[in-house]
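Step one of this worksheet: look at the structure below.
The values are calculated or read from the model by the stated rules, or taken from the named source; none is laboratory data. Please read these numbers as outputs of a predicted model, since none were measured by experiment. Quick reminder, even Gly has a Cβ in these numbers, built from the backbone with ideal geometry, and neighbours come from all protein chains shown.
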Amino acid sequence: MKKKDSVKSNLTYERKNFWKAADAAERKAAMDFAVDYRDFLDRCKTVRETIAYSVEKLNKAKFVALPAKGKQKRVYSIFRGKTLAMAIIGSEPISAGVNMVAAHIDTPRVDLKQNPLYEDGNSAMACMRTHYYGGIKKYQWVSTPLALHGTIIKSDGSLLNVSLGEKKNEPVFIIPDLLPHLARKEQYTKNLADAIDASKMNLIFSGMMEPEAEEKDAIKAYAIKLLNERWGITEADFLSAELELVPAYESRDAGFDASMVVGYGQDDRICAYTGMQAILDNADKKIKRTMVVYFSDKEEVGSQGATGAHSIFIQDFISSLLAQNGEDNGSANLRKTFMNSQILSADVTVAIDPNYPGVHERQNAILFNHGIGVSKFTGSGGKSGCNDANAEFIAKVIRIFNQAGVFWQSGELGKVDEGGGGTIAYILANLGAEVLDCGVGLMGMHSLYELCSKADLYSTFKGYKSFLIAD
């Protein structure tokens, strides 16, 4: 019996349940780590809010913006207010390669259209037209309290950041659903994807009108008057605004044992938060390889544009790091730097949902409470659109995790031909770097209230921390 146990423990792969195998101090650390994480989720419901929060943290840790005077080692750079990279320069040349954790900070949501406000003649209400962003299930966004966040550039060029619906004394917004009594033809005869028509996801904005006003468009006119009184804007200011609807709820501890966190935007801000906390926790240590944490935008819609991972920003940042360190930052040395770099594509994966186990192959799936998830590839079908990390790099990451006592597991996003998904891994790998997908398993991904395990949250922080500081 003992010999069999020895074979099983020494020769087979068996993931470990954090709550069973971790000691009391580590279990407490995992619970404590989630406290500030929940505050982060509540304060960072948009990309711009995430950048502002992160810069506040970096400034407190004595990071400075590039270009920096002197031989500053803690630096960061922001581009267009929506993408950010931070670094601590090590003792080795940067051209020898960097250790990078790369996450994205955009999340599925519902945006207001550029010309959103109208008076609906049938209901006699002021409404806002919307356009959803990213892969959402549209039915989840109706009949739920929503808050309005975003940025408005006024006609005089001044910037106004807005947030309405988060505080208890503030009104919230609703996209109303159709009552079941009248839904037989409009919804019940359609498949789930079509039951909610995107063109009918219009927001109820207001309903009052001044008694003395003329009847035509008086409700819309009154709404514009209120907007001007509150924020000093006109209807034309909507044309350049970025206004987003997000769930108007705070994150919460979940489960009878409070071992989980439920909240909006954990894909992929959970990996952004753990990545940033990892580099900050390593800030006072002597390091050889330069550490970089990169937050990209637009991943949920293909990573295109000036602030997506396809943009020139991350290359420009590494070029600036080379210059900051007194190294040649020409194109040849920049390419060499990326080819010598090792990167964790820090994105969430999916954990087995007890209600839908059939979409997974359990042997190669992620489980709650068993640590950070390592995914050799993502993509769909025959690994379409994936990075497919090489064996040498995967083995190195696993060794790093084992030496640091990190709870980890290997898994993929669903069984073959069930569906699939992608990350920014292949984009960074196209620059020549070694890249591996590595992140937290979620339940309810892309929903308004995603669920994570505090054990996996903490294990991911430890994993990124150990990887960033590795030689």
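Numbers below:
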quantity	calculated
Sole residue being surrounded by fewer than 13 Cβ atoms within 10 Å (Cβ to Cβ) and within 26 Å of the chain's Cα centre (by Cα), chosen from A193, A236, A254	A193
Tally, over segment 135-150, of residues that are surrounded by fewer than 17 Cβ atoms within 10 Å (Cβ to Cβ) and in contact with a helix residue (DSSP H, G or I) (Cβ under 8 Å, 6 or more places away or on another chain)	1
Boolean, A30 is in contact with a Leu (Cβ under 8 Å, 6 or more places away or on another chain), of a type in the set (A, V, I, L, M), in contact (Cβ under 8 Å) with a residue 40 or more places away in the chain and under 15 Å from K454 (Cβ atoms)	yes
For K69: the one exception among (1) without any contact (Cβ under 8 Å) to a residue 12 or more places away in the chain; (2) part of a strand (DSSP E or B)	(2)
Residue in segment 344-354 that is without any contact (Cβ under 8 Å) to a residue 24 or more places away in the chain and part of a helix (DSSP H, G or I) present	no
Exclusive hit being farther than 22 Å from H446 by Cα, surrounded by fewer than 22 Cβ atoms within 10 Å (Cβ to Cβ) and of a type in the set (D, E, K, R), set K396, K415	K396
Count - residues of segment 266-277 that are surrounded by fewer than 24 Cβ atoms within 10 Å (Cβ to Cβ) and of a type in the set (G, A, S)	0
L160 vs. criteria under 22 Å from Y449 (Cα atoms) and either touching a residue at least 12 places away in the same chain (Cβ under 8 Å) or surrounded by 14 or more Cβ atoms within 10 Å (Cβ to Cβ) (or both)	no
Yes/no for G373 being surrounded by 15 or more Cβ atoms within 10 Å (Cβ to Cβ) and either modelled with pLDDT under 95 or in contact with a Pro (Cβ under 7 Å, 6 or more places away or on another chain) (or both)	no
Scan of segment 168-187 for residues that are surrounded by 11 or more Cβ atoms within 10 Å (Cβ to Cβ) and part of a loop (DSSP other than H, G, I, E, B), ordered by number	E170, P171, V172, I175, P176, D177, L178, A183
Selection from segment 239-253 of residues that are in a helix (DSSP H, G or I) and either free of Cβ contacts under 8 Å to residues at least 24 places away in the same chain or under 21 Å from P108 (Cα atoms) (or both)	S240
Counted residues, segment 188-232 - those being in a helix (DSSP H, G or I) and of a type outside the set (S, T, N, Q)	16
Output for segment 53-103, where each listed residue is more than 25 Å from I427 (Cβ to Cβ) and aliphatic (A, V, I, L, M)	A61, V64, A68
Test: residue in segment 96-108 that is within 19 Å of the chain's Cα centre (by Cα), crowded, with 22+ Cβ neighbours inside 10 Å and charged (D, E, K, R)	yes
